[in-house]
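Structure first, then comments.
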Amino acid sequence: MGIRGRKIVLAATPSESSEHEQKAWSQMLLATLPMKYVKAFNVNWPRPNELWPDGQAKYVPHGLRIVESLLLQKFSPQDIAVCQTDQLGLFVGEETRVVGIHAHNPLGITFATDVYSYFYGGDAEPINAAEFRRLMEHPALREHKPHMKIIVGGPGSWQIEKKGLQDAWQIDCLVDGEAEDVVLPLFEAAVRGETLPRKVEGRSPHLEHIPPIRHRATYGVVEITRGCGRGCQFCSVALRAGKSIPLEQILQNVRAQVAEGADSILLTTEDLFLYEQGPKFQTNVPALKRLFESVAAVPGVQHINLTHGTIAPIVRNPEILDELSELAVGKSYGQHEASTHPDKRYAIMFIGLETGSVRLFQQFMKGKAYPYRPEQWPDVVLKGMELMNRYNWFPICTFIIGLPGETREDTKRSLDLLFALKDSKWVVVPTLFVPLEDTRLAKQDAARLYDLTDLQWEFFFTAWRYNLDFWRRQRSTQWKFNLGIPIYYYLMARRMFGPNLKYPLFRLAHFPEWYLRRHLYLDFSGQMEPCYRVPEHVPVPEHRYRPVLPELHEISQPSWQERAS
């Protein structure tokens, strides 16, 4: 007798659900490593995450918990199971009518993951891509497909359409965008066995349509805002107006997490400083302080961690750090010897710096600096970094290599800014430009490792040299890494990427600067003066700069049924 199964099954991969080291950034970066080398890097994926006695997942990505909450408005809890790949066979059976699958980065082609697996060869499939393929090819899905629908959604669902894999994986419907207004009618139609549209585009919902979650999400994710509105042309979120989740709903979500074993809460947002914002991106410091104090006061919360923010508000309102650091640093999970906190704790937050070129900044992301002018961007970055480090905030900052039209002079300006930041306490993650769907640069060509110039390679490996020097814990093993770099170059890298890689890569291996300075733009031997220095103060323009931002997405949209027809 076959397994009866649940009517609705929601699933995610182990790598996207993992709470690896309690550091979301570590989980995301490590998921970019090639699957075939996981043992060499001591990454224990795939591995079982925590399960409930019946086999359901204790925690899955937050987006899947949102879908679950929406479905529970119409369906019984006994109709729904939430699981990971290895437990699909327990819940997909004869009575299953729809399987909803979460896709964060299913093929590994976002800004970060499109880069790092290629260093190991063109056939090196990243962990997240291998894990998603394993889920989609699960025998239970193949066996029961004749009587059920497969719906895939999440921030990376567009990748499946882009690569033409929807039919190969027997996906009935792809959901792209925010799904609150489409989930219920779509799943109800699937349960009835109706034909679904191949693709549904969700749009930004009204606040009242965003439900509280019922169960624990990976890393204790609690959403505090949606959207941004700053207008960066390479980002779809920047084209959606910002909105804040009501504090009581935030606390309700915190309590739901703690009730199921979470002691860390990850405040998730596109920009922390847009929470309950005032006009023109004005930071609401009292509201932020009230938020942190309220979350910290929930019994069982031991740690509070952060996701994204922008740097300009810190320069404009340094009191933000005065008001928030006691909890943002004191309850952070991370510890580092460079911190001046009594427990060596530091707050970590993702900040997109993206470029040191004022020309590219003006062209693609000028709203990011508001209320400052684009030409003040280097000063804003340097002053903001100094302020954050003073308060033990050690950010993770991204730079985009290969923005459309980038010239050698543009790359030099980014290198100049990188050089000026050489003594900072941070992580700098160089990424390659990817023309993401639903952005103003969607039709541009992607940057490729094989086409990088010598200057772009220098930026890439100088950034990772910074990271190794600041974050490496076991200095005694550094010589092994340094020795392996030239071996890697002569055996593989020069054949794959050409000679432009050589000297930048050797900087990563700590070759002496007296040797490298003859071949590279930056000189760390002490002979080079920085082009930029930390300013005492960054003045807000007397006549406020008002960037011309693109039109934001409207909330009111036709129903998915109307769009499908």
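The values are calculated or read from the model by the stated rules, or taken from the named source; none is laboratory data. Remember, predicted model here, so these are calculated numbers, not experimental data. Ideal geometry is used to build each Cβ from the backbone, glycine not excepted, and the neighbour counts take in all protein chains shown.
Picking from 171, 160, 151, which residue would you name as being touching a Cys at 6+ places or on another chain (Cβ under 8 Å) and either within 18 Å of residue 108 (Cα to Cα) or crowded, with 19+ Cβ neighbours inside 10 Å (or both)?
Working: 171 fails: touching a Cys at 6+ places or on another chain (Cβ under 8 Å); 160 fails: touching a Cys at 6+ places or on another chain (Cβ under 8 Å).
When all the criteria are applied, what remains is 151.
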List every residue pair whose Cβ atoms sit under 9 Å apart, with the two residues 6 or more apart in sequence or on different chains, where the first one lies in region 225-239 and is of a type in the set (A, V, I, L, M) and the second, anywhere, is part of a helix (DSSP H, G or I).
-> 238/367; 238/368
Answer yes or no: is there a residue in region 455-467 that is more than 19 Å from the chain's Cα centre (by Cα) and among the hydroxyl-bearing types (Ser, Thr, Tyr).
-> yes
Does region 349-366 include one or more residues that are under 25 Å from residue 24 (Cα atoms), β-branched (Val, Ile, Thr) and assigned by TED's automatic domain parsing to the domain that holds residue 460?
-> yes
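Can you pull out every residue in region 345-374 that is assigned to a strand (DSSP E or B) and basic (Lys, Arg)? Give the steps one after another, and end with the answer.
To start, the set of residues in region 345-374 that are assigned to a strand (DSSP E or B) comprises 345, 347, 350-354.
Passing the criteria: only 345.
Every residue, every condition in (1) of a type outside the set (S, T, N, Q); (2) within 15 Å of residue 106 (Cα to Cα); (3) at pLDDT 95 or above, yes or no:
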position: 15; (1), (2), (3): no, yes, no
position: 28; (1), (2), (3): yes, yes, no
position: 40; (1), (2), (3): yes, no, no
position: 46; (1), (2), (3): yes, yes, no
position: 58; (1), (2), (3): yes, no, yes
position: 77; (1), (2), (3): yes, no, yes
position: 81; (1), (2), (3): yes, no, yes
position: 84; (1), (2), (3): no, yes, yes
Please go through region 247-283 and pick out each residue that is at pLDDT 95 or above, surrounded by fewer than 17 Cβ atoms within 10 Å (Cβ to Cβ) and either in contact with a Lys or Arg (Cβ under 9 Å, 6 or more places away or on another chain) or within 11 Å of residue 224 (Cβ to Cβ) (or both).
-> 247, 259, 260, 261
Counted residues, region 69-94 - those being crowded, with 24+ Cβ neighbours inside 10 Å and among the charged types (D, E, K, R) | 0
Set 445, 438, 469: member being at positive phi and among the charged types (D, E, K, R) | 438
Take region 416-426 and flag every residue that is in a helix (DSSP H, G or I) and within 24 Å of the chain's Cα centre (by Cα).
-> 417, 418
Across (1) aliphatic (A, V, I, L, M); (2) surrounded by fewer than 18 Cβ atoms within 10 Å (Cβ to Cβ); (3) not in a loop (DSSP other than H, G, I, E, B), residue 400 clears everything bar (2)
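Yes/no per residue for (1) under 27 Å from residue 159 (Cα atoms); (2) assigned by TED's automatic domain parsing to the domain that holds residue 24; (3) of a type outside the set (D, E, K, R); (4) out of contact with any Phe, Trp or Tyr (no Cβ under 7 Å at 6 or more places or on another chain):
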{"site": "181", "(1), (2), (3), (4)": "yes, yes, no, yes"}
{"site": "187", "(1), (2), (3), (4)": "yes, yes, yes, yes"}
{"site": "195", "(1), (2), (3), (4)": "yes, yes, yes, yes"}
{"site": "220", "(1), (2), (3), (4)": "yes, no, yes, yes"}
{"site": "236", "(1), (2), (3), (4)": "yes, no, yes, yes"}
{"site": "239", "(1), (2), (3), (4)": "yes, no, yes, yes"}
{"site": "249", "(1), (2), (3), (4)": "no, no, yes, yes"}
With the checklist (1) buried (at least 22 other Cβ atoms within 10 Å of the Cβ); (2) within 23 Å of residue 23 (Cα to Cα) in hand, flag the one item residue 232 doesn't pass.
-> (2)
Can you tell me which residue among 417, 449, 432, 455 is of a type outside the set (Ser, Thr, Tyr), surrounded by 19 or more Cβ atoms within 10 Å (Cβ to Cβ) and at pLDDT below 90?
-> 449
Check whether at least one residue in region 296-304 is over 30 Å from residue 408 (Cβ atoms), at pLDDT below 95 and surrounded by fewer than 23 Cβ atoms within 10 Å (Cβ to Cβ), and report yes or no.
-> no
From (1) assigned to a helix (DSSP H, G or I); (2) of a type outside the set (Asp, Glu); (3) surrounded by fewer than 19 Cβ atoms within 10 Å (Cβ to Cβ), pick out the condition that doesn't hold for residue 324.
-> (3)
What pairs can you find where one residue is in region 123-141 and farther than 19 Å from residue 100 by Cα and touching a residue at least 60 places away in the same chain (Cβ under 8 Å), the other is small (Gly, Ala, Ser) and outside any helix (DSSP H, G or I), and their Cβ atoms are less than 8 Å apart, with a gap of 6+ or different chains?
-> 125/108; 126/31; 126/108; 127/31
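For region 338-386: of the residues being among the aromatic types (Phe, Trp, Tyr) and in contact with a helix residue (DSSP H, G or I) (Cβ under 6 Å, 6 or more places away or on another chain), which is nearest to residue 406 (Cα to Cα)? It would help to see each step written out before you state the result.
Kept after step one, since they are among the aromatic types (Phe, Trp, Tyr), are these residues of region 338-386: 346, 350, 361, 364, 370, 372, 377.
When the remaining residues are screened for being in contact with a helix residue (DSSP H, G or I) (Cβ under 6 Å, 6 or more places away or on another chain), the result is 361, 370, 372, 377.
Values: 361: 11, 370: 23, 372: 23, 377: 17 Å.
Here the answer is 361.
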